[in-house]
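Contents: one structure, followed by commentary.
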């Protein structure tokens, strides 16, 4: 590919030095003009003020050792502060003082060394620059040839290319042997769980009471005033031995009461609300954050993570944001004692979408 | 031989240092390294310190993190909190959360180390990002450094992974919601998503396994990879020798700067302590990740204005910018394009970042080693592409704070999102053209200065009554800084050996045209002479 570039190699060949030839390679489409300027060489060395003025040199020296002594002071102070500012008093203020004074000591210790060393380097150490010669990164042709020869010899002595059956069976074995290790990782998830099954059901059953989160108090329909919103979990969640958070991550519900006339239930959902009280899954249908913000006068729910907005008066359908699906509705009713209960589980999986959902 | 002489003549004068050095050298041969590396020149420029900032903050992360492991317990078992922080007393939380609170409130200096760890981690990722931008805009990724660019890129990705696994460990409300988002994203991946989520969390979200698993990643697997890659990355800096900016005496074949011993060691070593000191000062003064305000993770509550650590912002922002309705059921399966599109877009962006050096090398066909760093203006298209990339990233990043932007500036949520959607799509194009034009304008100004000198501020009245400002010519050193770069021209397609023009060549030619069509060449000697003579001619005419 190189040879068909409009290469400038022949242009530069005439006046290129030996060193440049070492780095030879196609210049590609680079343009190297014949009468380019030449490198003027190094500028004359400029002495620093500390090189010429002994007073300034003395001062720089004082600054450097003062900084190092300050650093020692900082270390001592940090240890002292550790002892002087205890924090066993249930007092947040004590924690802040301990943090701040230990920290300031450590800071002084570190900055003292840092600024001292840099100042020493910049103002007192000899300021001449050194010059390294670069060599091409690639090995010399002789070394390359030697490496090729080693590989050829190894191939010949082992018969790697010649004995194809041995070679191919080895490649096969090498490809197969890591597979058991991959399979072992199946154990990361429990053997006896079916994800789709678990994701499709929650704790809600027919007759499960709606209770307040986190107190667990059942909710009377008559206590839900218009415009109010409650964070709700199913009754019995707090008593679960295992999987409390897993169940809560699916069963959390928002309960709101609107004027019944403001609700426009979808066909088939006319009796899922009770006297303007509706219950919707609190878990966002986008990636699962809790849809926790309720704007009373617009009846909109907002997910604080990615700003999906849902319209409560319109079956919690998405009105803005990256979510696609409406929040699932929990059908509710009241029991004999006037407490709100679920009519059934959700009619669809709650939370973020997943591949097998349909 | 000389040592033997020293021994026989003046054994009593041998210092302890000399004896110790000889003892070690006899057993390690270390003198080779000191002789070989001790006086190596290390080119100086402030922008070369960005990589060092990353390295030094990583040391803080490593040391402070090791301290934290003595106190942190990566268990999600439920306990009732009984530490010193009164507002949370009696609250049910995981052992992970409780031990993080203990580090903060019951171990003296624990909060300080925890905050150093977090601040240093934030600085680590930020410094890597800036270091990458420096390498990109100066073309320091060109041959022979393409592979080291890839290692550096991997370090950037690993640093973000370290950050995310780390801030998820305390099992507080904020990090739990972060994991919830990860869970939701994983579940949205076709075919493998649901099972991947179950494997990751050990069953249903949140489960009781994730903190322990992230802990293994965070303190064992990922740090091992980071340390190994840093060793390789820095090792290659030694092998390649550092790039340098063009300047008098600086050649592609040399490397000029203060020697490692003593000046570079003093300056870089001192700088290391300064970085540590700055992190320590921030940790002493500013709270980071106050998990006691968030409380333990619970799937139901969430606070408004949630923000991930800054470097996760671009991914979170990408999720927010998807318009409503990008999810379909097709073939009885759910296709969540509201998750796939951000994932794919970020994936393509990252592939372009890691692949750019190879693309540019292919377009130029330049097979030489490059050790002189470009000034960004002298590679206008590369700089413009970089600016476009930065704009794209910044748009996504800003979107992660869309809610805060809306509340702080009293804007509508929808307005902010729509504006940022436009920024992410149109912004890169606008940034590209503006940057390209600015670069070319700066190159023209450089030419102008070389050809006609710089404005001296001295106004002269000519005999004819005309006022002119005297332009002072540059000295040869300053001139060299402005003319020592190479320009490239578009590729001319020519048939290959078989007399054919391949599709690949055609593509390369058109990309090359896009890259190098608008080309400003450095001033040559001939041009300068021509400019001088014409200038004199003008003056003569005025005289006449």
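The values are calculated or read from the model by the stated rules, or taken from the named source; none is laboratory data. Predicted model, so just to flag it, every value in this text is computed and none were measured. So basically every Cβ, Gly included, is an ideal-geometry build from the backbone, and we count neighbours across all protein chains shown.
Listed residues A:87, A:83; which is surrounded by fewer than 16 Cβ atoms within 10 Å (Cβ to Cβ) and in the same structural domain as residue A:65 (by TED's automatic domain parsing)?
A:83
Restricting to segment B:514-525, and then to whatever is outside any helix (DSSP H, G or I) and more than 32 Å from the chain's Cα centre (by Cα), can you tell me which residue is surrounded by the fewest Cβ atoms within 10 Å (Cβ to Cβ)?
Taking segment B:514-525 first, the residues outside any helix (DSSP H, G or I) are B:517-524.
Still in the list and also more than 32 Å from the chain's Cα centre (by Cα): B:523-524.
Numbers: B:523: 21, B:524: 16.
Residue satisfying both the conditions and the ranking: B:524.
Of the residues that make up segment A:210-217, is at least one on the phi > 0 side of the Ramachandran plot and facing chain B (nearest Cβ under 9 Å)?
No - not one qualifying residue is present in segment A:210-217.
Yes or no, residue by residue, for (1) in contact with a strand residue (DSSP E or B) (Cβ under 6 Å, 6 or more places away or on another chain); (2) modelled with pLDDT of 95 or more; (3) exposed (fewer than 11 other Cβ atoms within 10 Å of the Cβ); (4) assigned by TED's automatic domain parsing to the domain that holds residue A:278:
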{"position": "A:166", "(1), (2), (3), (4)": "no, yes, no, no"}
{"position": "A:175", "(1), (2), (3), (4)": "no, yes, yes, no"}
{"position": "A:180", "(1), (2), (3), (4)": "no, yes, yes, no"}
{"position": "A:191", "(1), (2), (3), (4)": "no, no, yes, no"}
{"position": "A:209", "(1), (2), (3), (4)": "yes, yes, no, yes"}
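Within segment B:183-200, track down each residue that is assigned to a helix (DSSP H, G or I) and either at the interface with another protein chain (Cβ under 8 Å from one of its Cβ atoms) or more than 22 Å from residue A:291 (Cα to Cα) (or both).
Step one: filter segment B:183-200 for residues assigned to a helix (DSSP H, G or I), giving B:183-187, B:193-200.
Hits for segment B:183-200 are B:183, B:184, B:185, B:187, B:193, B:194, B:195, B:196, B:197, B:198, B:199, B:200.
Hey, any hits in segment A:328-338 for a residue that's touching a strand residue (DSSP E or B) at 6+ places or on another chain (Cβ under 8 Å), within 14 Å of chain B (Cβ to nearest Cβ) and either on the phi > 0 side of the Ramachandran plot or at pLDDT 95 or above (or both)?
There is no residue in segment A:328-338 that is touching a strand residue (DSSP E or B) at 6+ places or on another chain (Cβ under 8 Å), within 14 Å of chain B (Cβ to nearest Cβ) and either on the phi > 0 side of the Ramachandran plot or at pLDDT 95 or above (or both).
Give the number of residues within segment B:317-338 that are part of a loop (DSSP other than H, G, I, E, B) and more than 7 Å from every other protein chain (Cβ to nearest Cβ).
3
Return the total of residues in segment B:110-143 being modelled with pLDDT of 95 or more and in a loop (DSSP other than H, G, I, E, B).
The initial filter retains those residues of segment B:110-143 that are modelled with pLDDT of 95 or more, namely B:110-142.
Checking the rest, the ones that are also in a loop (DSSP other than H, G, I, E, B) come to B:138-142.
Result for segment B:110-143: 5.
Among the residues that make up segment B:342-363, is at least one of them within 7 Å of chain A (Cβ to nearest Cβ) and under 31 Å from the mean Cα position of the chain (by Cα)? Before you say what the answer is, go through the steps one by one.
Start the filter on segment B:342-363 by keeping residues that are within 7 Å of chain A (Cβ to nearest Cβ), which leaves none.
No, the conditions are met nowhere in segment B:342-363.
Scan segment B:273-295 residue by residue and report those that are touching a residue at least 24 places away in the same chain (Cβ under 8 Å) and at the interface with chain A (Cβ under 7 Å from one of its Cβ atoms). First the steps, then the outcome.
In the first step, residues of segment B:273-295 are kept if they are touching a residue at least 24 places away in the same chain (Cβ under 8 Å); the result is B:275-276, B:279-280, B:282-284, B:286-289, B:291-292, B:294-295.
Residues satisfying the conditions are B:276, B:280, B:283, B:284.
Of the conditions (1) outside the structural domain of residue B:136 (by TED's automatic domain parsing); (2) surrounded by fewer than 19 Cβ atoms within 10 Å (Cβ to Cβ); (3) within 30 Å of residue B:480 (Cα to Cα), residue B:250 fails just one. Which one is it?
(2)
In the list A:333, A:323, which residue meets the criterion of being touching a residue at least 24 places away in the same chain (Cβ under 8 Å) and more than 38 Å from the chain's Cα centre (by Cα)?
On the way: A:323 fails: more than 38 Å from the chain's Cα centre (by Cα).
Selected residue: A:333, the only one of A:333, A:323 that is touching a residue at least 24 places away in the same chain (Cβ under 8 Å) and more than 38 Å from the chain's Cα centre (by Cα).
So, of the residues in segment A:214-250 that are touching a residue at least 60 places away in the same chain (Cβ under 8 Å) and part of a helix (DSSP H, G or I), which turns out to be nearest to residue B:94 (Cα to Cα)?
Out of the qualifying residues, it is A:249.
Looking at B:48, B:56 in this structure, which one is under 30 Å from residue B:375 (Cβ atoms), away from chain A (no Cβ under 14 Å), out of contact with any strand residue (DSSP E or B) (no Cβ under 7 Å at 6 or more places or on another chain) and at pLDDT 95 or above?
Values: B:56 fails: away from chain A (no Cβ under 14 Å).
Step by step, each of B:48, B:56 is checked, and only B:48 is under 30 Å from residue B:375 (Cβ atoms), away from chain A (no Cβ under 14 Å), out of contact with any strand residue (DSSP E or B) (no Cβ under 7 Å at 6 or more places or on another chain) and at pLDDT 95 or above.
Can you confirm whether residue B:451 is within 30 Å of residue B:385 (Cβ to Cβ), within 14 Å of chain A (Cβ to nearest Cβ) and out of contact with any strand residue (DSSP E or B) (no Cβ under 9 Å at 6 or more places or on another chain)? First the steps, then the outcome.
Values: within 30 Å of residue B:385 (Cβ to Cβ): yes; within 14 Å of chain A (Cβ to nearest Cβ): yes; out of contact with any strand residue (DSSP E or B) (no Cβ under 9 Å at 6 or more places or on another chain): yes.
Spelling it out, residue B:451 is indeed within 30 Å of residue B:385 (Cβ to Cβ), within 14 Å of chain A (Cβ to nearest Cβ) and out of contact with any strand residue (DSSP E or B) (no Cβ under 9 Å at 6 or more places or on another chain).
Can you pull out every residue in segment B:296-316 that is within 23 Å of residue A:302 (Cβ to Cβ), more than 8 Å from every other protein chain (Cβ to nearest Cβ) and either touching a strand residue (DSSP E or B) at 6+ places or on another chain (Cβ under 7 Å) or part of a helix (DSSP H, G or I) (or both)?
If the condition is that a residue be within 23 Å of residue A:302 (Cβ to Cβ), more than 8 Å from every other protein chain (Cβ to nearest Cβ) and either touching a strand residue (DSSP E or B) at 6+ places or on another chain (Cβ under 7 Å) or part of a helix (DSSP H, G or I) (or both), then B:312, B:313, B:314, B:315 are the ones that fit.
May I ask you to say which residue of B:446, B:478 is within 12 Å of chain A (Cβ to nearest Cβ) and either at pLDDT below 95 or part of a helix (DSSP H, G or I) (or both)?
Working: B:446 fails: within 12 Å of chain A (Cβ to nearest Cβ).
Result: B:478 is the single residue among B:446, B:478 that is within 12 Å of chain A (Cβ to nearest Cβ) and either at pLDDT below 95 or part of a helix (DSSP H, G or I) (or both).
Go over the candidates B:407, B:383, B:412 one by one and state the one that is touching a helix residue (DSSP H, G or I) at 6+ places or on another chain (Cβ under 7 Å), in the same structural domain as residue B:319 (by TED's automatic domain parsing) and surrounded by fewer than 20 Cβ atoms within 10 Å (Cβ to Cβ).
Values: B:407 fails: touching a helix residue (DSSP H, G or I) at 6+ places or on another chain (Cβ under 7 Å); B:383 fails: surrounded by fewer than 20 Cβ atoms within 10 Å (Cβ to Cβ).
The unique qualifying residue is B:412.
So which residues in segment B:144-177 are crowded, with 22+ Cβ neighbours inside 10 Å and not in a helix (DSSP H, G or I), if there are any at all?
B:145, B:168, B:169, B:170, B:171, B:172 - these are the residues of segment B:144-177 that are crowded, with 22+ Cβ neighbours inside 10 Å and not in a helix (DSSP H, G or I).
Please find, within segment B:94-109, the residue that is surrounded by the most Cβ atoms within 10 Å (Cβ to Cβ) out of those that are part of a helix (DSSP H, G or I) and within 12 Å of chain A (Cβ to nearest Cβ).
In the first step, residues of segment B:94-109 are kept if they are part of a helix (DSSP H, G or I); the result is B:95-105.
Of the ones still in play, those that are also within 12 Å of chain A (Cβ to nearest Cβ) are B:101-105.
Details: B:101: 23, B:102: 19, B:103: 22, B:104: 27, B:105: 23.
Here the residue is B:104.
Among the residues of segment B:491-513, which ones are assigned to a helix (DSSP H, G or I) and more than 30 Å from residue A:38 (Cα to Cα)? Steps first, answer last, please.
As a first pass, look at segment B:491-513 and keep what is assigned to a helix (DSSP H, G or I): B:503-513.
B:503, B:504, B:505, B:506, B:507, B:508, B:509, B:510, B:511, listed by residue number.
Quick check, is residue B:499 modelled with pLDDT under 95, touching a strand residue (DSSP E or B) at 6+ places or on another chain (Cβ under 7 Å) and on the phi > 0 side of the Ramachandran plot? Spell out how you get there, then give the answer.
Numbers: modelled with pLDDT under 95: yes; touching a strand residue (DSSP E or B) at 6+ places or on another chain (Cβ under 7 Å): no; on the phi > 0 side of the Ramachandran plot: yes.
So residue B:499 does not fit the description; no.
For segment B:63-71, state whether one or more residues are away from chain A (no Cβ under 13 Å) and in a strand (DSSP E or B).
Restricting attention to segment B:63-71, the residues satisfying the condition of being away from chain A (no Cβ under 13 Å) are B:65-66, B:68-71.
Going one step further and asking which of them are in a strand (DSSP E or B), we end up with none.
Looking for residues that are away from chain A (no Cβ under 13 Å) and in a strand (DSSP E or B), one finds none in segment B:63-71, hence no.
Among the residues of segment A:295-314, is there at least one that is facing chain B (nearest Cβ under 9 Å), without any contact (Cβ under 8 Å) to a residue 24 or more places away in the chain and in a strand (DSSP E or B)?
We begin by selecting, within segment A:295-314, every residue facing chain B (nearest Cβ under 9 Å); these are A:302-309.
This time we only want the ones that are without any contact (Cβ under 8 Å) to a residue 24 or more places away in the chain, so: A:302-307, A:309.
Checking the rest, the ones that are also in a strand (DSSP E or B) come to A:302, A:309.
So far as segment A:295-314 goes, yes, one or more of its residues are facing chain B (nearest Cβ under 9 Å), without any contact (Cβ under 8 Å) to a residue 24 or more places away in the chain and in a strand (DSSP E or B).
Condition check ((1) away from chain B (no Cβ under 12 Å); (2) modelled with pLDDT under 95; (3) buried (at least 18 other Cβ atoms within 10 Å of the Cβ)) across all residues:
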| site | (1), (2), (3) |
| --- | --- |
| A:45 | no, yes, no |
| A:52 | yes, yes, no |
| A:58 | yes, no, no |
| A:61 | yes, no, no |
| A:94 | no, yes, no |
| A:103 | no, no, yes |
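Out of all the residues in segment A:109-128, is one or more touching a strand residue (DSSP E or B) at 6+ places or on another chain (Cβ under 8 Å), surrounded by 15 or more Cβ atoms within 10 Å (Cβ to Cβ) and facing chain B (nearest Cβ under 9 Å)? First the steps, then the outcome.
Taking segment A:109-128 as the starting set, the residues that turn out to be touching a strand residue (DSSP E or B) at 6+ places or on another chain (Cβ under 8 Å) are none.
No, every residue in segment A:109-128 fails to be touching a strand residue (DSSP E or B) at 6+ places or on another chain (Cβ under 8 Å), surrounded by 15 or more Cβ atoms within 10 Å (Cβ to Cβ) and facing chain B (nearest Cβ under 9 Å).
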